[in-house]
Number of protein chains: 2
Amino acid sequence: MNILGYYPNVIARSLANRKTNTIGLIMPSFSDMLFINPFFPEALRGISSVLSENSYDILMSTNSKHKEELESIQKFIRGKRVDGIILMSSRVKDECIEFLKQSKFPFVVIGSSLEYNDINFVDNDNEKATYDITNYLIQKGCSNIALIAGSIDLVVTINRLSGYKKALQENDIQINNEYIVVGEFLEESGYISAKRLLSLENIPDAIIVADDIMALGVIKAIKEKNLKIPEDISIASFNNSILAKTSTPTLTSVDVNPLKLGMSAASILINSIDKNDKSKSLVVDYEIIFRDSTK
Amino acid sequence: MNILGYYPNVIARSLANRKTNTIGLIMPSFSDMLFINPFFPEALRGISSVLSENSYDILMSTNSKHKEELESIQKFIRGKRVDGIILMSSRVKDECIEFLKQSKFPFVVIGSSLEYNDINFVDNDNEKATYDITNYLIQKGCSNIALIAGSIDLVVTINRLSGYKKALQENDIQINNEYIVVGEFLEESGYISAKRLLSLENIPDAIIVADDIMALGVIKAIKEKNLKIPEDISIASFNNSILAKTSTPTLTSVDVNPLKLGMSAASILINSIDKNDKSKSLVVDYEIIFRDSTK
DNA sequence: CTGAAAGCGCTTACAG
DNA sequence: CTGAAAGCGCTTACAG
């Protein structure tokens with residue numbers, strides 16, 4: 001048939017056999033962090049490579065506001081445009097997860113849900129990662145450890161907060177709520193949050209930051225105060241982007257393995273569609289890369 | 001109808017009216033630079049926002065090798081899956097452009113073609129940008145100016161090379177082929193290319209680099225030689241990513257406005273589809289951001 | 001102007 | 001096992 005130049009009309013085929021061979025990718029809205037963050041292209045690369053091998057295409061949602069994410073999902077499902085959906089992030093009481101679960105439509109979350117265990121998801125053990133880092137800083141003699149987290153709506157923030165608190169408690173260090181700051185995944189936000197911490201009576205001797213970009217702002221604020229990193233204040237952050245390697249000082253940062261998160265998410269989803277697998281979750285290893293910003 | 005919970009089947013509609021309201025996005029293959037580069041997510045953001053406003057969705061190609069790009073295009077078109085196509089980069093004798101033009105299928109290129117003027121495209125004036133930078137460096141007293149470019153297959157490389165040569169010639173500076181190095185858009189490649197330049201008998205007093213990430217490698221090589229930036233060697237690069245702001249020293253870099261490139265590409269394509277517009281091209285302004293890596 | 005029929009290009013289930 | 005018909009869920013062109 002190929003010799004005759006025949007090529008099947010994919011749309012007609014989809015209509016007939018009720019299979020689109022397309023996965024809907026729900027992007028974080030642009031107001032959101034993930035777009036700037038190198039996490040996103042890496043995860044997309046992982047998703048794309050696995051879907052490609054399995055002859056699935058990607059239909060990307062084009063929403064600019066957070067509210068539009070659910071609308072995109074509904075549009076994709078009701079319009080019968082996709083066989084499954086990948087959510088790139090998860091929130092507390094996530095209405096997208098809620099809707100997808102209720103619809104019994106195949107989906108997978110990069111991240112996890114506080115409300116449901118019986119869904120497909122891939123995630124790091126963010127609680128343990130933050131627990132490990134906090135413990136490490138304590139081991140190195142820090143006792144006034146602050147946390148600059150991302151939005152409190154994000155499940156990842158809740159998990160990290162909980163790992164942070166757990167480590168402090170186990171080491172009999174009082175949790176100081178002034179040391180917990182919530183920000184956005186932007187350099188400016190890191191800067192502002194750090195300035196707040198540095199204006200406290202007891203300034204922290206270590207700061208854990210949710211993302212490398214934010215950490216750059218933190219470094220800036222600390223340098224402005226003429227404090228030394230890591231002598232006066234240690235910094236540890238997340239995502240191990242190229243910024244962590246190139247900043248001054250270089251940043252201790254957690255590699256969350258976005259490529260593997262993306263690949264795993266895609267393959268779990270495909271199995272759930274093609275083989276009707278039960279809900280499955282996977283914990284992807286993280287790795288703490290120690291650099292000059294910690295002792 | 002909405003009250004009754006009716007929602008049209010988009011697939012069926014597409015089959016009936018031969019319109020998918022979907023744009024195919026041909027991603028650069030992963031081996032390629034653009035994926036790591038912040039250029040890509042920004043351009044995607046621009047594309048996405050315009051398509052979203054016009055009720056178009058994005059079908060992303062999932063190719064991992066360069067050769068697969070053309071296959072993706074053929075699959076999209078023959079399968080009648082998209083109404084138009086956006087190419088994220090352009091090469092010399094680009095077979096994707098060739099095929100699309102021949103098929104008379106609506107498309108737009110982010111970048112330009114050396115072979116065709118009568119296609120839809122958006123691009124910076126890369127020749128002039130490089131011309132401007134080279135002139136600036138000459139004005140500041142540099143005369144041994146090197147160029148670390150990207151792949152020679154890319155049209156952007158050809159254009160920049162030509163702007164570089166033009167500025168040298170106009171200033172009666174001999175073009176030294178040893179000063180022209182071709183690399184990949186990776187830090188390591190910048191490092192290796194710079195080491196080569198620094199091993200020459202007459203080392204350059206200025207280096208123009210195709211991307212900030214590569215420039216980091218260049219900085220590293222120069223520091224290893226205990227040379228000073230910009231006193232001994234000036235550096236200027238492209239893309240004005242966050243790396244340019246945060247590296248030590250900070251980098252003079254060209255902001256190519258990827259957001260606008262993406263938005264313009266999308267709107268030109270939509271006009272070409274919906275209003276059957278003639279081929280149109282747009283030159284997007286660049287801006288040279290001067291920082292500490294140049295005098 | 002309205003409504004029923006034909007058609008988009010496939011797949012599937014069924015008659016032979 | 002093969003081949004023609006019915007059906008996927010819309011839109012479009014046409015008869016009334």
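The values are calculated or read from the model by the stated rules, or taken from the named source; none is laboratory data. What you are looking at is a predicted structure, and each value in this text was computed from that prediction instead of being measured. Methodologically, a virtual Cβ is constructed for each residue, glycine included, from the backbone with ideal geometry; neighbour enumeration extends over all protein chains shown. Areas reflect the complete protein model, heavy atoms only, side chains present, ligands, DNA and RNA absent. Shrake-Rupley method; radii C 1.70, N 1.55, O 1.52, S 1.80 Å.
In a DSSP loop and with at most 16 other Cβ atoms within 10 Å, the trypsin sites (Lys or Arg not before Pro) in the range A:173-278 are A:225, A:228, A:275, A:278. Other residues with beta-carbon under 12 Å from the beta-carbon of residue A:20 carry, at +1 per Lys or Arg and -1 per Asp or Glu, a net charge of +4. Quick one: which of A:220/B:165; B:65/B:220; A:220/B:295; A:65/A:128; A:93/A:260 span more than 28 angstrom between C-alpha atoms? Violating the 28 Å limit, Cα to Cα: A:220/B:165; B:65/B:220; A:65/A:128. For residue A:196, the point set 7 Å out from Cα toward Cβ sits 5.0 nm from its twins in the other copies, listed from shortest up. Spin-label pair residue A:226-residue B:180: with each label point 7 Å from Cα along the Cα-Cβ axis, the two points sit 5.2 nm from one another. A simple rule links phi to the HN-Hα coupling: the Karplus curve 6.51 cos²θ - 1.76 cosθ + 1.60 with θ = phi - 60°, which for the range A:71-86 gives 4, 4, 4, 4, 4, 5, 6, 5, x, 6, 8, 9, 9, x, 9, 10 Hz, with x for Gly and Pro. So, R0 is 41 Å and r is the distance between the beta-carbons of residue A:199 and residue A:53; what FRET efficiency does that work out to, to 0.05? Computed FRET efficiency for residue A:199 and residue A:53 comes out at 0.20. In sequence order, the range B:98-103 has phi-based couplings of 3, 5, 5, 5, 5, 6 Hz under the Karplus curve 6.51 cos²θ - 1.76 cosθ + 1.60, θ = phi - 60°, and Gly or Pro positions carry x.
Taking Cα pairs under 8 Å and at least six residues apart, what relative contact order does the range A:77-123 come out at, in percent?
On the way: 57 pairs, mean separation 17.7, N = 47.
38 percent.
With its label point defined 7 Å out from Cα along the Cα-to-Cβ axis, residue B:245 lies at 2.2 nm from the matching points of the other copies, in increasing order.
The length gained on full extension between residue A:115 and residue A:6, counted as 0.36 nm times the residue separation minus their Cα-Cα distance, comes to 34.3 nm.
As a test of the definition: with a 1.4 Å probe, what buried accessible area, both sides summed, do you compute for B against A, in Å² to the nearest 100? Don't skip to the end; give the middle numbers.
Working: alone 14520 and 14550 Å², together 25230 Å².
So the buried area, both faces added, is about 3800 Å².
Between residue B:16 and residue B:289, the FRET efficiency from the beta-carbon distance, with R0 = 51 Å, is close to 0.50. Choose one answer from A:200, A:51, A:70: the residue with the largest mean-square fluctuation in a GNM of chain A with alpha-carbon springs under 10 Å. Per the Cα network of chain A with a 10 Å cutoff, A:200 tops the list. Near the amide H of residue A:147, within less than 5 Å, lie the amide hydrogens of A:180, A:181, A:208, all on another chain or at least 5 residues away, with H placed in the peptide plane. Counting only protein heavy atoms, what percent of the accessible surface of chain A is carbon or sulfur at a 1.4 Å probe? Ligands and nucleic acids excluded, carbon and sulfur give 48 percent. Taking the longest Cα principal axis of chain B as reference, the axis of helix B:212-224 is set at about 20 degrees. Normalised by the number of residues in chain B, the mean separation of alpha-carbon contacts (under 8 Å, six or more apart) gives a relative contact order of 20 percent. For the range B:213-250, a drop of 20 Å² or more in accessible area on going from the chain alone to the assembled protein chains (1.4 Å probe) is found at B:216, B:242, B:243, B:246, B:248.
Across peptide A:203-210, how many C-beta atoms of other chains are within 10 Å of each residue C-beta, on average?
Numbers: counts 0, 0, 0, 0, 0, 0, 0, 0.
Rounded to a whole number, the mean comes out at 0.
With both labels modelled 7 Å from their Cα along Cα-to-Cβ, the residue A:275 to residue B:135 distance reads 6.3 nm. Distances from residue B:103 to itself in the other copies, using label points 7 Å out along the Cα-Cβ axis, amount to 2.9 nm in increasing order.
Net charge dipole, the protein assembly as shown: roughly 1580 debye, given to the nearest 20, about the Cα centre with Cβ charges of +1 for Lys and Arg and -1 for Asp and Glu.
Here the Gaussian network model covers chain B, with springs between Cα atoms less than 10 Å apart; of B:141, B:24, B:163, B:141 fluctuates the most. Taking all protein chains into account, the per residue accessible area for chain A stands at 43 Å² (1.4 Å probe). The charge dipole of the range B:166-269, taken about its Cα centre with unit charges on the Cβ of Lys, Arg, Asp and Glu (plus for the first two, minus for the last two), comes to roughly 260 debye.
List the GluC sites (Glu not before Pro) within the range A:84-162 that fall in a DSSP loop (any state other than H, G, I, E or B) and whose Cβ has at most 16 other Cβ atoms within 10 Å. Passing sites in the range A:84-162 are A:115. Gaussian network model of chain B, Cα springs within a sub-10 Å range: biggest mean-square fluctuation belongs to which of B:256, B:82, B:284? Maximum among the listed residues: B:284.
Please give the average number of partner chain Cβ atoms lying within 10 Å of the Cβ of each residue in A:49-55, rounded to a whole number. Write out the running numbers ahead of the final one.
Numbers: counts 4, 1, 2, 8, 2, 1, 2.
What the average comes to for A:49-55 is 3.
When the GluC sites (Glu not before Pro) in the range B:191-295 are filtered for DSSP coil states and for at most 14 other beta-carbon atoms within 10 Å of their beta-carbon, the remaining sites are B:201, B:231.
About its Cα centre, the dipole of the range A:34-138 is roughly 440 debye, where the only charges are +1 on Lys and Arg Cβ and -1 on Asp and Glu Cβ. Relative to the longest principal axis of the Cα atoms of chain A, helix A:258-274 runs at roughly 30 degrees. Residue separation of residue A:104 and residue A:282 scaled by 0.36 nm, minus their Cα-Cα distance, works out to 62.1 nm of gained length.
The mean number of Cβ atoms from other chains found within 10 Å of a Cβ in peptide A:80-91 is 1, as a whole number. The angle between the Cα long axis of helix A:155-170 and the longest principal axis of the Cα atoms of chain A comes to about 40 degrees, rounded to the nearest 10.
Ignoring everything except DSSP H segments at least 4 long, calculate the 222 nm mean residue ellipticity for chain B; use -39,500 (n - 2.57) per segment, divide by total residues, nearest 500. Write out the running numbers ahead of the final one.
Numbers: 10 runs with 120 residues, N = 295.
Result for chain B: -12500 deg cm²/dmol, rounded to the nearest 500.
For residue B:294, the residues whose amide H sits under 5 Å from its own are B:235, B:252, ignoring neighbours fewer than 5 places away on the same chain, with H placed 1.01 Å from N.
Using the beta-carbon distance between residue B:172 and residue B:74 and R0 = 56 Å, what value does 1/(1 + (r/R0)^6) give for FRET efficiency, to the nearest 0.05? Each step should come with its number before you reach the end.
Numbers: r = 50 Å, r/R0 = 0.89.
FRET efficiency, residue B:172 to residue B:74: 0.65.
Of all beta bridges that DSSP places with both ends in chain B, some 10 percent have antiparallel geometry.
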